[in-house]
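Below is one structure, written out as structure tokens; the observations come after it.
Just so it is clear, none of the values below were taken in a lab; they were calculated from the coordinates. Keep in mind the model is a prediction, meaning the values are calculated, not measured. So basically every Cβ, Gly included, is an ideal-geometry build from the backbone, and we count neighbours across all protein chains shown.
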Amino acid sequence: MLSRERSGRALVLVVAFALIACASLASCAPAPTATPSPTSTSSLVVTVEGGTIAVPDPHSLEVTDIPYSVDVRLAVAALSDATGVQPTITNHTASPDGCDANYTAYDWDGLELRSPAASKPDDTQFSARVTAATSAGGVALQTSNGQHVGSTVAEMQANVPDAFTFSGDGATRVFYSVQNPDEDTANGWGAIALAPHGVVTDILAPQYFYGDC
């Protein structure tokens, strides 16, 4: 009987000591759980090259190279996810000069996809046109070498290994990301940066480098 009473008193003392210790030490409280925050779209970059448009996943940050030869809906879905914004969709009729057939444009304020593509090489299903350094949602729009709308022709030439320029009709064009380097330059195609006053205003891909359109 005596041993049970002593055991009971010992247990009470242990519990009391634990309660006093927890009251004075913050370590007894459960550690707060960090809540992961979504990736800011301002840290994401869409890369426009001659053969593909590279689109990041905003959740995993993995980048997918989407060739212009696939269905435009794949690119639209990826870009909508990356920017967090659905595009403005407009239908256009063929241009009188014959350069453009009827097409649908998907616009993210600075980045436009066009299907069917304009001046399309090979089996291209859609094309891209960049008119700003960022798109809707704040996603950066660049070449793989970090150039963008607002870069100078000199910066393009210095940072893009295969860039070469052509000046004519009062405007300068920077050709880069050549997709058929083994063929005659007159038949070349890839990406074009338009720089009418020495500063890039538009990036088009894929495009033939020379032609009437």
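Annotations
- Under 16 Å from the Ala94 label point (7 Å along Cα→beta-carbon), backbone N, region 104-138: 104, 116-120
- Ala77 paired with Asp182, simple spin-label distance in nm, labels 7 Å along Cα-to-beta-carbon: 3.4 nm
- Each residue of region 42-208 gets 114 Å³ once the volume of the Cα convex hull is shared out per residue.
- 3J(HN,Hα) couplings calculated from phi for region 68-79 with the Karplus curve 6.51 cos²θ - 1.76 cosθ + 1.60 (θ = phi - 60°) are, in sequence order, 6, 8, 8, 4, 4, 5, 5, 5, 4, 5, 5, 5 Hz; Gly and Pro show x.
- Residues in region 159-164 carry Karplus couplings, in order, of 10, 10, x, 9, 6, 9 Hz; the curve used is 6.51 cos²θ - 1.76 cosθ + 1.60 with θ = phi - 60°, and Gly or Pro positions show x.
- Shape analysis of region 72-161 based on the Cα gyration tensor places the equivalent ellipsoid semi-axes at 24, 18, 12 Å, largest first.
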